[in-house]
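Every number here is computed from the coordinates shown, using simple stated rules; none is lab data. Predicted, not measured: the structure shown is a model, and the values here were computed from it. Because the Cβ atoms are built from the backbone with ideal geometry, glycine has one as well, and the counts that use them run over all protein chains shown.
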Amino acid sequence: MNSRKFKWDARSANAMVMLELQGFLERWNDDVIHPFLPRPPNDQDVQAIDWSGLDAWAAGNAISVDQSTIVAVRRIIDLMFQKKRDQLFMEELNNRNPSPDVGRMQQWPHSPLNGTGTGHESYSEDFSNDPDCRTCIHYRGISSSPVEYGLCRAFQELATGDAHGLRGTCDSHREKLTWKPKRYDLSGGIGYTDIQSRFQSHLDRRGNILPNWRKVARALLWMIENQKAELIDGKEARVIPTDHENLLVHLASDRAARVRLTQEWDVYIYARWGGEVHGEWRLQRAPPSQNALRYDLHIVLAETLGRAYQWNQANSEFREWGLEQYKARERLCNHALNRPGRYVTCYEYYHEYAVAGAGHMADSYQARQLQDVNAAWFRFKPTPLPEGGRYSVDPRLIRWREWNRDRARGHV
Amino acid sequence: MKARPPFDAKLWAAIEDDYVALTDDDIEDISEICHDEGPNDTPLRDENGRDVPPLGRIYDLIHLDNRWELWFALLEQRGRATIRAEIDAALQNSGAWEAGRDYDWTAINWAVLGRMIGAAILAIGYGETLQWVYKRYDGELRASRDVWMELEKEMNELGLDLGNALPNAAALDALASLIEHDIDPLADIGRAADGPAKPLTNEGSFIRVNSNVERVRERIRTLNLARGGGGGGGAPAEDILGVLCLKVIDEALDELAKGNHVGFALRMHGLTGYMAVRRQAVVQKVGMHLIASIFVRKETRGVGGLLVLDVANSLDTQFSIGKALKVLREYGIISWSAVPVTTVDAALAT
């Protein structure tokens, strides 16, 4: 294995993205952690948090770059969140039953077995005794060790018609179905094989660490260094990796080792994917309209980490990526901040993109808000030449810039 | 840059009745020259213009095919609110689940449409006898095609069709399985804003598939069958998928010309929703940025045409801009004209 060590100096000129990551930590700590000290936030604290500061951070950091530069880190970080969400979902299933919808399910009249004693009137969510619908002759299980539950559970909202779905027949129980059981990983973290299944082995034939693995390991190390994740070995003991290569050594040598999110993320997961059901924040059957967060903050964080840690094979060092768009947007905000109405002129809008070497992106970025809820918007209003129009700037982006400016943090 | 915004609007106002359409032969010639000279030395990037007998010294100008203009004229004449209501009423009548959602049906995502067009152009350039794209760039279309096929497979296994809501867990499993094939749709789908082109919409425990995408897929399959390709539940191979997508756009434009603006808009949203995954930087340049420049400037500032030299120098890319524009013209996306250098200089000087 290549044993060279790499130093990172956040004060260097090549530290623009690192400054943004620092900004994330400040926002997170101020808005999510500090209000609840000395205890950590929990999954029921969703509505006590003002998420708008992190929303502004996300708008400042949702930029469009070559996908090949960020996809590896995004995949793995996203997977880590999926695993955590699965873990919390299963905890919820196990700990908070019976659900308030049991009665509604039992009374659903359209079961083909209705009235036989083995239709939905037999529906139960008491996993310890009689798993739901087990007596139904068409039962298809969704299994997960140690819990198994029926497909009709997943289809519950459809079956009861809330989603305008199946009516009159119980399609979820048709015999021809070949349901693949969803197996929840209750560990809540990612291990070597999770990464290997996406990027193959971490070493090439000469024993060098492959670039995708380096990027992912460095991003995970950042999460660990900043208490956003933790490395747990096969004996459930916490381990502190010394650098990203050391992290890889731990993961490769102990296949039961996991990097998992710290508990403080639970509240984010409930805010993003949960909703209030009968006075309680739940992941199960949470109406999406009630999600406190309507965007994937963790995806923006993952992509920012991906841009912070691009592996430069030739120089054997990490480099930052996507810097010019930061500069363009910062300059645009600087113009807007000096004016009432917070706008930039048409000339300024295109000029700043061009100066940053991103002139070709100026137009397509105006459409970006349709494909990315985090993308900052610029709304056009015509004015006569020579101004030729004004673009009002998304207040989230302005807030991002003000936050950085107040901390003497800038990219240009 | 010759006519950087906002002066592109000034230029357009001065020349919109003063350009001359280039002939097929003109375009064949310049695209070949452009290809032979290479992307850095193409005359299309010359700040002084180029000679085109008998027109003299000209700048090349690209603008939308006339059929597109109908859409923008309609928005201006009748207003977006009216068009939105008409589209929503049509959806109510067809029973589409998107009806009544307060979506802005007039907001077509030109950047994503451009990505599709860019991927199609590169596939065409790779497949031409006189090849001008030397590497396969079909990943953009292939990945999106595979996303929809995987979802369809999952729904078939559950005895559902794409008109039904899909259990969240099943949809996520299906999409996550694509990551093993180097396709990563979750992030792009997850971040798409709620609206008419969002590929999948989360409804708590369930996910809804964009019904306009499914209609586009059906049309692609039908067109594929008509040209002798395979049918059934499969999808066309990626090397002809781009051509079929361009054909779908062409048909939608014809519908628009016949007065069916509802069908046009829904087809556009279906096409943009189809492009569920973003992958290749070159496709962004050929399609997303180039096409977005034409459409976005038209839609926001009424700029109907752009100087090719400004577009080419801004993109600063290694693909053959002349060849790409030629294909765009052949498929009715753009028109390609010439404006005398003196006219342009005079317009910008005043």
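Summary of computed values
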| quantity | calculated |
| --- | --- |
| Helix axis angle, B:80-94 relative to chain B longest principal axis, alpha carbon, degrees | 40 |
| The range B:83-135: GluC sites (Glu not before Pro) in DSSP loop, at most 14 other beta carbons within 10 Å | B:Glu128 |
| Number of partner chain Cβ atoms within 10 Å, mean per residue of B:287-300 | 5 |
| Exceeding the 29 Å Cα-Cα cut-off - candidates A:Lys327/B:Lys247; B:Lys135/B:Lys298; B:Lys153/B:Lys323; B:Lys2/B:Lys298 | A:Lys327/B:Lys247; B:Lys135/B:Lys298; B:Lys153/B:Lys323 |
| Calculated from backbone phi, Karplus (6.51, -1.76, 1.60) coupling profile of the range B:182-199 in Hz, x at Gly/Pro | 6, 10, 10, x, 4, 5, 5, 5, x, 8, 4, 5, 4, x, x, 10, 5, x |
| Sequence ranges B:40-53, A:306-319, ranked by mean other-Cβ count within 10 angstrom, highest first | A:306-319, B:40-53 |
| Separation of the A:Arg405 and B:Asp29 label points, Cα + 7 Å toward Cβ, nm | 5.4 |
| Residues whose placed amide H lies under 5 Å from that of B:Leu61, excluding near-sequence neighbours | B:Val308, B:Ser337, B:Ala338, B:Val339 |
| Convex hull of the range A:227-350 built on C-alpha atoms - directionally averaged projected area, nm² | 13.7 |
| Convex hull per residue volume in Å³, alpha carbons only, for the range A:356-406 | 119 |
| Using a Förster distance of 35 Å, the FRET efficiency for A:Leu25-A:Ala314 (Cβ separation, nearest 0.05) | 0.70 |
| Test item: A:70-82 mean partner chain Cβ contacts at 10 Å | 2 |
| Test item: A:351-361 mean partner chain Cβ contacts at 10 Å | 4 |
| Most positive-pole-ward Cα, B:Gly118, B:Asn48, B:Leu61, against dipole of the range B:29-125 from beta carbon charges | B:Gly118 |
| For the range B:2-53: rounded, prolate or oblate by the Cα gyration tensor [a/c cutoff 1.5] | oblate |
| Nearest 10 degrees, 0 to 90: helix B:238-257 Cα axis against chain B principal axis | 80 |
| Set of aspartates and glutamates with alpha-carbon distance to B:Lys198 below 13 Å, sequence-local pairs under 8 removed | A:Asp372, B:Glu98, B:Asp104, B:Asp188, B:Glu214 |
| For chain B: rounded, prolate or oblate by the Cα gyration tensor [a/c cutoff 1.5] | prolate |
| In degrees, nearest ten, helix B:110-127 long axis to first principal axis of chain B (Cα) | 80 |
| Among B:134-141, A:394-401, the order from most to least packed when residues are scored by Cβ within 10 Å on average | A:394-401, B:134-141 |
| Rounded to whole Å, sorted largest first: equivalent-ellipsoid semi-axes of the range B:24-170, Cα gyration tensor | 41, 26, 11 |
